[in-house]
Structure formats: C-alpha cells, structure tokens
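Inspection log for the structure reproduced underneath, given as structure tokens.
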Amino acid sequence: MLSLLPLSVLHFSNAPSLHPLSMRGKFITFEGPEGSGKTTQAGLLVTRLQEAGGEVLYAREPGGTPAGEAIREMLQRDTAGEPICPETEVLLFAASRAQLVRHVILPALEAGRHVVCDRFADSTTAYQGYGRGFPIEQMLTINDFAINGAQPDITLLLDVEVETGFQRIEKRHRNTSSTWDRIEREARVFHEKVRNGYLELARRWPSRFVIIDARGNPETVSDEIWSKVRDVLD
Ligand code: Z5A
C-alpha cells in the first residue's frame with residue numbers, strides 16, 4: 001500500500017492558482033473491480049511519472065484526507081455501530097470525495113502536480129449505481145456535486161474477470177491474515193454487475209476511459225498503462 005498524502009498538501013487549499021491552465025498537472029484515475037491491480041499499478045505509475053521529472057501526488061478513495069479516512073473506516077469496517085443503509089453509503093462516498101477534491105486534488109493540480117487517484121467518482125456509478133441498483137443518472141448528479149468540476153484527464157479501467165480478481169484478493173488475505181471488508185463480502189453477482197457497469201461507462205465516455213487488460217503480469221500491464229498515459233502528457 002502506498003503511503004497516504006502528506007497533510008502539508010492541505011496548505012494549498014486556499015492558495016491562488018500557481019500555474020496557467022496549460023501548466024496544470026494531469027488528473028489520472030484508476031478504476032476496476034476487486035483485485036484488478038489498481039493499487040499496484042498506481043504505485044508503478046507514480047514512479048514512472050517521477051522518473052520522467054513530474055511532481056506527483058497519490059490519493060485513494062475513499063479516504064485521502066483525515067475526514068475521508070474516518071469515512072473509510074465507517075464504510076469498510078462497520079465502525080458506525082449500526083448497519084449503513086444504501087442511501088447513506090452513496091452520500092458517505094460522495095462526502096469523502098468532496099473533501100478530497102477541495103483539500104487535495106484541485107490544489108495539487110493547480111500547483112502543477114500530477115494526481116494519481118486510486119478510485120474516483122466512477123466507482124460510485126459502478127458500485128452504487130450498477131451494483132446496488134440506484135439510478136445511474138442520480139449517481140452522476142451526486143458525483144458532479146462532489147467533484148466540483150475535477151474531471152479526470154484519463155481513467156484507466158483495469159479489467160479482469162471477477163473470479164481472477166477474487167483469487168488475488170483471497171491470496172492476499174491468506175498471506176497477510178487480513179479479513180474481507182464489507183463490500184468485498186458482497187455476492188459474486190454484485191461484483192459481476194460492477195464489472196459490467198464499468199465496461200458500460202467506458203463505452204459512454206470513450207475519450208476519457210482506456211480499458212486495460214489487467215490479466216497479464218504487473219510489468220506488462222504497467223507498460224501498457226504508461227504508453228496510454230504518455231499520450232495524455234504530450
Ligand atoms: N467503493 C464503492 O463502493 N464506491 C465508491 O464510490 C468507492 C469505493 C470510491 C474500497 O476498497 C472499496 O470501496 C471497494 C469499492 C468500494 N470495495 N471493495 N471491496 P479498497 O480501497 O480497500 O480496495 P480496492 O480499491 O477494492 O482495491 P483491491 O480490490 O483491494 O485491490 P486492487 O487495488 O485492485 O489490487 P492490488 O491491491 O494492486 O492487488 C491485489 C492483489 O493482487 C495483491 O496481492 C497484488 O500483489 C496482486 N496483483 C496485483 N496485480 C497483479 C497481477 N497483474 N497479477 C497477479 N497478481 C496481481
């Protein structure tokens with residue numbers, strides 16, 4: 001797991017824009033079903049961007065700010081002390097995102113840094129929209145409110161069969177003695193809907209989404225991602 005954002009980033013939240021629009025960093029998001037390798041690939045991409053001379057900020061969702069990390073605990077580890085109803089779940093993901101966008105993502109982009117985000121608004125459309133069955137247009141409206149115009153320049157959709165993803169996660173849980181979180185425990189049919197939902201989103205926004213075949217070894221997948229990201233950097 002990559003280290004979380006330094007809190008010093010928060011100091012940029014009210015700073016004036018340091019760069020003209022053309023000098024803004026690129027906003028790169030990773031999406032995909034469980035175990036598709038998002039965190040692994042986000043880390044490799046951060047390294048490649050840094051080696052290419054860029055300043056890069058890594059963030060993850062839910063989380064990435066103190067408020068967001070508290071929300072993450074509630075969502076994943078049932079720390080609220082009561083069952084979270086589906087409507088609350090949608091709004092908690094959106095609340096975590098609203099905080100991350102305003103305190104971290106937009107200030108970093110305006111300061112000329114690239115931002116690599118491990119999940120973003122498309123996760124809500126995929127999991128709560130396609131997975132839980134909330135109306136897609138309603139999810140998009142809530143996302144728009146949360147993101148305040150912070151649209152990714154490129155969204156890398158790491159696609160892998162649900163079964164393959166779960167085998168990877170199972171192995172990780174075995175090796176690290178970790179436990180399945182609240183959403184991982186959902187039935188496989190839920191995760192199939194999420195995967196298909198992502199593919200639907202990629203069809204809807206072909207200029208932003210790039211589908212990456214995530215079945216290969218991490219190095220091969222990383223090479224493919226880098227070739228797509230370089231197109232956006234140029
Ligand atoms: N969620 C939501 O419902 N709505 C929202 O709006 C948002 C999120 C933002 C966040 O979980 C949960 O919240 C998530 C969606 C939901 N639900 N679940 N469950 P998280 O942040 O804890 O985890 P995640 O985002 O779901 O990631 P992940 O599934 O744990 O894994 P990953 O990031 O895709 O993969 P990884 O950590 O890089 O790799 C997993 C394992 O596979 C690991 O042991 C690797 O070493 C291995 N791996 C990685 N790549 C490969 C390749 N290429 N081959 C073989 N093995 C590999």
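The values are calculated or read from the model by the stated rules, or taken from the named source; none is laboratory data. Computed from a prediction, not measured in an experiment: that's the story for all the values here. Every residue, glycine among them, receives a Cβ derived from its backbone with ideal geometry; neighbour counts consider all protein chains shown.
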Pull out all pairs, ordered by first then second residue, where Cβ-Cβ is under 8 Å, the residues are six or more apart or on different chains, the first lies in the stretch 113-135 and is over 13 Å from R60 (Cα atoms) and within 11 Å of the ligand (Cβ to nearest atom), and the second is aromatic (F, W, Y) and in a loop (DSSP other than H, G, I, E, B).
Q128/F134
List pairs: first in the stretch 175-202 and more than 22 Å from R72 (Cα to Cα), second outside any helix (DSSP H, G or I) and aromatic (F, W, Y), Cβ under 8 Å, 6+ apart or cross-chain?
L201/F209; A202/F209
Only listed residue being modelled with pLDDT under 95 and touching a Lys or Arg at 6+ places or on another chain (Cβ under 9 Å), chosen from L75, L21, L57
L75
Look at E55 and say whether it is among the acidic types (D, E) and within 15 Å of the ligand (Cβ to nearest atom).
no
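Would you check if P218 is modelled with pLDDT of 95 or more, within 11 Å of the ligand (Cβ to nearest atom) and more than 30 Å from M23 (Cβ to Cβ)? Let's see the steps before the verdict.
Working: modelled with pLDDT of 95 or more: yes; within 11 Å of the ligand (Cβ to nearest atom): yes; more than 30 Å from M23 (Cβ to Cβ): yes.
Considered against the rule, which asks whether it is modelled with pLDDT of 95 or more, within 11 Å of the ligand (Cβ to nearest atom) and more than 30 Å from M23 (Cβ to Cβ), P218 comes out as yes.
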Residue among G53, G81 that alone is within 29 Å of L233 (Cα to Cα), exposed (fewer than 15 other Cβ atoms within 10 Å of the Cβ) and of a type outside the set (V, I, T):
G53
Among the residues of the stretch 33-43, the number that are in contact (Cβ under 8 Å) with a residue 60 or more places away in the chain and either among the hydroxyl-bearing types (S, T, Y) or more than 6 Å from the ligand (Cβ to nearest atom) (or both) is 6
Looking only at the stretch 57-83, and only at residues there that are free of Cβ contacts under 8 Å to residues at least 40 places away in the same chain and assigned to a helix (DSSP H, G or I), the one that is nearest to F27 (Cα to Cα):
G68
Every residue from the stretch 37-70 that is of a type in the set (D, E) and touching an Asp or Glu at 6+ places or on another chain (Cβ under 8 Å):
E61
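Tell me, please, whether a residue that is of a type in the set (S, T, N, Q) and either closer than 24 Å to V221 by Cβ or free of Cβ contacts under 8 Å to residues at least 24 places away in the same chain (or both) can be found in the stretch 98-111.
Here is the first cut: in the stretch 98-111, the residues of a type in the set (S, T, N, Q) are 99.
Subset that is either closer than 24 Å to V221 by Cβ or free of Cβ contacts under 8 Å to residues at least 24 places away in the same chain (or both): none.
No - not one qualifying residue is present in the stretch 98-111.
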Quickly run through the stretch 49-63 and pick out the residues that are in contact with a strand residue (DSSP E or B) (Cβ under 8 Å, 6 or more places away or on another chain) and not aromatic (F, W, Y).
L49, Q50, G54, E55, V56, L57, A59, R60, E61
